[in-house]
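Below is one structure, written out as structure tokens; comments come after it.
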Amino acid sequence: MSRLWARFAGLFSSKSFIGVDKTGNKYFSRFEEIDGFAKEKRWVVFRREQDPTSIPVEWICWLNGQRKKAPTPEEMVELEARRERVKLNVALLKKEEEERKAIEGTGRKVTTIGKVEGPDLTSFVRQFPPDSKGDIPEEASEEADKSRVKEHEPEIVTAEPPEPKTTEPSGSGSSFRPGTWQPPS
């Protein structure tokens with residue numbers, strides 16, 4: 001009950017005005033004792049409608065306790081001037097970039113982000129001399145056919161006697177066959 005009374009009494013006392021921002025929002029603080037500790041409470045009273053987006057970043061940091069001291073009017077003017085300089089620099093850089101692109105022209109190959117075409121292999125093929133192996137198409141196709149047939153012919157595998165299944169690993173690496181091990185049941 002005493003906490004409730006202390007809070008109620010604290011609403012009418014020890015409230016101190018801290019500052020105002022350029023939109024007219026007023027900032028206040030007061031010290032409260034909570035569980036034997038003095039805690040500073042900070043809040044804002046909006047000038048017009050309660051629009052949290054109208055609060056400058058520096059005041060948000062002060063409200064959240066990220067700043068110990070409230071921003072001064074001089075500091076706010078300096079930061080606003082800096083923001084304006086950054087906006088002007090961005091606009092200037094965009095203009096210079098557009099001028100540079102206009103001077104270079106559209107003869108440049110434009111790279112896009114998204115689906116990419118395959119590589120251009122004509123320059124790769126040109127680097128090989130015309131008298132390289134496989135110049136005669138019939139010989140090249142016959143050799144390729146033979147190699148393809150060899151790849152797809154089934155290999156003859158001799159059957160080895162089955163090894164007894166045990167729960168303990170045994171044997172050397174040479175006797176390992178993938179897919180043959182079964183867990184003990």
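Key figures for this structure:
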| read-out | value |
| --- | --- |
| Identity of the residue in the stretch 12-28, part of a strand (DSSP E or B) and touching a residue at least 24 places away in the same chain (Cβ under 8 Å), that ends up surrounded by the most Cβ atoms within 10 Å (Cβ to Cβ) | Y27 |
| Qualifying residue in the stretch 84-105 (condition: open to solvent by less than 90 Å² (accessible area, probe 1.4 Å) and outside any helix (DSSP H, G or I)) | yes |
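This table checks each residue for (1) under 18 Å from K15 (Cα atoms); (2) surrounded by 13 or more Cβ atoms within 10 Å (Cβ to Cβ); (3) under 32 Å from the mean Cα position of the chain (by Cα).
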residue: F37; (1), (2), (3): yes, no, no
residue: W43; (1), (2), (3): yes, no, no
residue: T53; (1), (2), (3): no, no, yes
residue: I60; (1), (2), (3): no, yes, yes
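The values are calculated or read from the model by the stated rules, or taken from the named source; none is laboratory data. A quick note: this is a predicted structure, and the numbers were derived from the prediction, not measured. All Cβ positions, even for glycine, are placed from backbone atoms using ideal geometry, and neighbour counts span all protein chains on display. Calculation scope for accessible area: heavy atoms of the full protein, side chains included, ligands and nucleic acids excluded. Shrake-Rupley method; radii C 1.70, N 1.55, O 1.52, S 1.80 Å.
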